[in-house]
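In what follows, a structure is listed as structure tokens, so that the remarks can point back to it.
What follows draws every value from the coordinates through simple rules; no lab data is involved. Everything quoted here is computed from the prediction, not taken from an experiment. Please note: Cβ atoms are built from the backbone with ideal geometry, for glycine as well, and neighbour counts cover all protein chains shown.
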Amino acid sequence: MVSVRLSPADGSSSSVEVAGDAPESGPYAQERNGLYCATEVRILVLDDDQSICRMIQAAIASSAFKVDAVFDIMQVHDVLHSQVYHVIILDYVLPGLESEQVFNWIRETQPDASIIVVTAYPTIDSALNCLRARTYDYLTKPFQVSHLQRVVTRCLESRGLLRMSEEALRESLGALIRERRKGLGLTLAQMAQRTGVSLGYLSQIELGKNSASIETLYRISLGLGMKIADLFQTIQNP
């Protein structure tokens with residue numbers, strides 16, 4: 001289930017739990033195109049606007065995520081020391097705090113966290129500061145919820161925290177092979193002849209109903225005029 005903690009200015013804390021048992025194959029598999037979490041993902045949202053905190057929480061809510069959100073700037077330092085986070089979504093302008101100070105706190109307490117910066121006041125200087133701080137991405141407000149979701153998904157994938165399920169991988173590879181074959185104007189029979197892979201086996205691979213061996217994928221990639229690594233690279237970067 002999702003554990004959401006909102007930290008208000010009065011120092012109190014409220015916990016909201018959204019019920020929902022996670023399937024064994026991974027709760028993210030159904031919610032994000034066949035991706036599932038390898039472990040519980042912990043995300044921290046730091047923004048002095050409570051409505052933005054709630055919006056971001058709703059956007060990235062998943063039964064595999066533990067999302068903490070803090071809009072009381074007096075609690076930022078303590079929260080960063082409270083536990084380890086995988087991703088920190090940070091408002092670049094937090095009243096009373098210098099951005100460089102916050103970046104230093106994160107480097108000291110969360111050295112492995114990926115930082116996604118959001119700001120309503122984009123400037124070249126702030127973008128350069130974020131670049132120097134090695135943030136993962138820099139989003140300007142207002143941003144599309146779908147864009148934030150894609151950024152978070154890519155970030156977690158790049159760290160191996162979100163992985164494609166075996167079924168989704170088969171389907172994606174099959175669709176890619178079919179699309180590439182048709183783009184070359186090849187029939188399934190012609191592709192079978194070109195690769196030495198049986199027609200029935202090729203059909204099952206393209207439909208995502210059968211896993212192809214490395215040798216078979218090598219033959220198919222040659223038949224499509226591409227490297228085998230490009231098959232997987234294309235899936236990772238559609």
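Sorting LEU186, LEU156 by the number of Cβ atoms found within 10 Å of their own Cβ, with the fewest placed first, yields LEU186, LEU156.
Modelled spin-label separation between THR123 and ASP78, with each label point placed 7 Å from Cα along the Cα-to-Cβ direction: 3.1 nm. Here MET74, MET164, MET55 are placed in order of increasing Cβ neighbour count within 10 Å, fewest first, which gives MET74, MET55, MET164. Highest mean first, the peptides 92-101, 129-138, 42-51 sorted by other C-beta atoms within 10 Å per residue fall in the order 42-51, 129-138, 92-101. Charge tally for ILE52 (other residues, Cβ to Cβ under 10 Å; Lys, Arg +1; Asp, Glu -1): -2.
Listed by chain and number, the lysines whose alpha-carbon sits under 22 Å from that of LYS182, ignoring those within fewer than 8 places in the same chain, are LYS209, LYS227.
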